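The values are calculated or read from the model by the stated rules, or taken from the named source; none is laboratory data. None of the values given here were measured: they were computed from a predicted structure. All Cβ positions, glycine included, derive from the backbone under ideal geometry; neighbour counts span all protein chains shown. Side chains included, ligands, DNA and RNA excluded: accessible areas come from the protein's heavy atoms. Shrake-Rupley method; radii C 1.70, N 1.55, O 1.52, S 1.80 Å.
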Amino acid sequence: MATVDTAPAELHVPVQTAPPPRPATPVGRRPATPAERSERSDHADQQEQTPSTTLIGSVQRAMRLLESVAGHEHGAPAKQLARETGLALPTAYHLLRTLVHEGYLRRDKGLFFLGEAAERLSSSGAKQKRRSTVVEALAHWRDVIGVPVYYAMYREGEIEVMCVSDTPGNPAVEEWADFRETAHAHAIGQCLLSQLDESARRDHLERYPVQAITPYTVHDNHTLLRRLDRVGRMEPVFEHQEYALGTVCAAIPITIGPTAATLAISLPSHQADRLMDATRQLQSEIGQLLGSLAISISI
């Protein structure tokens with residue numbers, strides 16, 4: 001008897017693939033403004049043009065605007081600044097407003113000028129440049145004369161050693177006693193005090209009375225004041241072991257306007273016979289660089 005296959009036939013039902021869902025529109029997002037679209041486009045362009053992805057395009061553009069403004073003593077409008085820096089006008093407006101808000105620019109009657117923050121940066125840069133001039137000069141004199149060289153000022157009633165240039169072979173004097181409190185004992189202090197008027201000298205000595213710190217130190221205010229009175233205008237001051245045993249020093253006065261300053265040198269006491277010649281050599285060197293030193297005197 002024949003067997004009848006009663007298994008149901010396999011059905012092939014076509015499966016419909018659902019279309020991919022559309023990305024949801026963020027709730028509450030407003031359409032981009034023309035300025036924002038320009039900013040995004042400018043940012044994309046900057047990314048394509050910048051060789052390093054670590055560079056920040058908005059900072060670069062802001063710096064270009066600052067440089068452009070700095071080139072216009074009488075100010076410049078936004079359109080001109082945008083044209084000079086190659087920025088889209090909306091981008092330039094956005095950055096200019098930010099720079100004004102932060103104080104790097106100021107706006108007056110539609111023109112942009114450098115602001116107080118930018119001027120402070122400029123002042124700091126000029127100050128650093130002046131200091132570099134003094135540092136380089138001291139290093140030059142140190143190498144030419146072969147002695148440590150010091151630069152100090154009298155400012156707001158205090159002795160301030162601003163810069164020292166020495167080498168391991170010719171080390172500077174160790175400040176074992178506070179220079180501000182011992183002006184009577186070292187050549188730097190005596191030279192600066194000699195440039196002050198009598199009232200300023202007495203005021204300083206009232207705050208920092210004379211005290212002997214080596215057997216060679218002057219012993220009282222009266223003796224020191226008499227010594228300072230005998231120092232001729234622009235004459236160097238010499239000191240032998242009054243501040244540190246085993247050390248001799250000389251200081252040359254530099255007075256520019258109201259500023260009392262000095263350049264000084266030191267030597268081991270067994271080389272005391274070199275002190276006079278080294279001082280004269282430094283005086284000659286100062287004369288050659290006095291112009292550039294004068295504008296750098298107030299670091």
> Do you know which residues across segment 234-282 are open to solvent by 50 Å² or more (accessible area, probe 1.4 Å) and charged (D, E, K, R)?
Replying inline: 235, 273, 274, 277, 280
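Check 279, 259, 217, 247 and return the single one that is in contact with a Ser or Thr (Cβ under 9 Å, 6 or more places away or on another chain) and closer than 16 Å to residue 151 by Cα.
Numbers: 279 fails: in contact with a Ser or Thr (Cβ under 9 Å, 6 or more places away or on another chain); 217 fails: closer than 16 Å to residue 151 by Cα; 247 fails: closer than 16 Å to residue 151 by Cα.
Going through 279, 259, 217, 247 in turn, just one is in contact with a Ser or Thr (Cβ under 9 Å, 6 or more places away or on another chain) and closer than 16 Å to residue 151 by Cα: 259.
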> Going through segment 215-232 one residue at a time, which ones are farther than 19 Å from residue 181 by Cβ, open to solvent by less than 100 Å² (accessible area, probe 1.4 Å) and either part of a helix (DSSP H, G or I) or touching a strand residue (DSSP E or B) at 6+ places or on another chain (Cβ under 7 Å) (or both)?
Replying inline: 231
> Do any residues in segment 61-77 that are in contact (Cβ under 8 Å) with a residue 24 or more places away in the chain have Cβ atoms under 6 Å from those of residues that are exposed (fewer than 15 other Cβ atoms within 10 Å of the Cβ), where the two are at least six apart or on different chains, and which pairs are they?
Replying inline: 77/110
> If you take the residues of segment 73-106 that are open to solvent by less than 50 Å² (accessible area, probe 1.4 Å) and either small (Gly, Ala, Ser) or modelled with pLDDT under 90 (or both), which of them is nearest to the chain's Cα centre (by Cα)?
Replying inline: 103
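If you check residue 137 against the conditions, is it part of a loop (DSSP other than H, G, I, E, B), within 19 Å of residue 278 (Cα to Cα) and within 33 Å of the chain's Cα centre (by Cα)? Before you say what the answer is, go through the steps one by one.
Working: part of a loop (DSSP other than H, G, I, E, B): no; within 19 Å of residue 278 (Cα to Cα): yes; within 33 Å of the chain's Cα centre (by Cα): yes.
Here the answer is no, as residue 137 does not meet what is asked.
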> Among (1) part of a helix (DSSP H, G or I); (2) within 16 Å of residue 61 (Cβ to Cβ); (3) not aliphatic (A, V, I, L, M), which single condition is residue 119 missing?
Replying inline: (2)
> From the list 180, 202, which one is assigned to a loop (DSSP other than H, G, I, E, B), open to solvent by 50 Å² or more (accessible area, probe 1.4 Å), closer than 19 Å to residue 156 by Cα and out of contact with any Lys or Arg (no Cβ under 6 Å at 6 or more places or on another chain)?
Replying inline: 180
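Condition (residue is aromatic (Phe, Trp, Tyr), assigned to a loop (DSSP other than H, G, I, E, B) and within 16 Å of residue 172 (Cβ to Cβ)) applied to segment 233-248: is it met by at least one residue? Don't jump to the end; show me each part of the working.
Of all residues in segment 233-248, those aromatic (Phe, Trp, Tyr) come to 238, 243.
Those left that are additionally assigned to a loop (DSSP other than H, G, I, E, B): 243.
Checking the rest, the ones that are also within 16 Å of residue 172 (Cβ to Cβ) come to 243.
Yes, segment 233-248 has at least one match.
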>> So for segment 126-141 (the condition being crowded, with 19+ Cβ neighbours inside 10 Å, modelled with pLDDT of 90 or more and farther than 30 Å from residue 285 by Cα), does at least one residue qualify?
In response: no
> Of the conditions (1) open to solvent by 50 Å² or more (accessible area, probe 1.4 Å); (2) without any contact (Cβ under 8 Å) to a residue 24 or more places away in the chain, residue 166 fails just one. Which one is it?
Replying inline: (2)
>> Of all residues being of a type in the set (Val, Ile, Thr) and within 21 Å of residue 208 (Cβ to Cβ) in segment 148-163, which is most open to solvent (accessible area, probe 1.4 Å)? Just the residue, please.
In response: 161
